[in-house]
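In what follows, a single structure is set out as C-alpha cells and then discussed.
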Amino acid sequence: MTKRLIMNPLPRLVPIFFALLLGTAIVAAESREQAADRSAGKCLALDDGSQYQQSWQQAANQFKQKLSADDWQRAIVAARQPLGAMRSRKLLSATYFGSLPGAPDGDYVVLQYQTEFEHKQRAIETVTPMLDNGSWRVSGYYVR
C-alpha cells in the first residue's frame, strides 16, 4: 500500500498573496499621483488660458477659504504675466505627503514641472493638489 503525502498549500500561497498585495499598493500609489497630476493639469490649462475665475472655482476648499477669487486673479496675473505665454510643460516629480508645513494633515501630492514660457525658458512650477471631499484639487501654486 502506498502512502499519499498531503502537503499544506499555505506556504506556497503566502508569497503569492504578498506579491499581489504589494502590486496593488504600487498601483494605488501611482494612481494617486496620476490623479493629482490630472487635476493640476486642468487648473494649469485654465491659468494658461487666463481663465482665473474658473481655476479658482476648481481649487480646494482650503485654498478658497484663504484666498478670494479676485485675490487669486491678482496674484496669478502678477506671477505669470511677466513670463508670457506657456510654451511647454514637463512633469519632473510627484511626491505624496500626509502633512505639509502650515497645512492641516491630509493627502497632498507636490508636483514639480519644468515649464518653458515665452519670456523665461526654464521655470519650475510647483503645484500642490490635495484630496478634498474625494477629489484632487489644487491647494497651492508657486512659480520660480
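Taking the condition over 15 Å from Y141 (Cα atoms), in contact (Cβ under 8 Å) with a residue 60 or more places away in the chain and not hydroxyl-bearing (S, T, Y), does R87 pass? Can you show your working first?
On the way: over 15 Å from Y141 (Cα atoms): yes; in contact (Cβ under 8 Å) with a residue 60 or more places away in the chain: no; not hydroxyl-bearing (S, T, Y): yes.
No; evaluated as a whole, the condition is false for this residue.
Tell me the strands (runs of 3 or more DSSP E) entirely within segment 80-144 that contain at least 2 residues that are loosely packed, with under 11 Cβ neighbours inside 10 Å. Show your work before the answer.
Working: elements: 86-97, 108-117, 123-132, 135-143.
Strands (runs of 3 or more DSSP E) meeting the threshold: 86-97.
Each value in this text was obtained by applying a stated rule to the coordinates, not by laboratory testing. None of these values were measured; they are calculated from a predicted model. Virtual Cβ from ideal backbone geometry, glycine too; neighbours counted across all protein chains shown.
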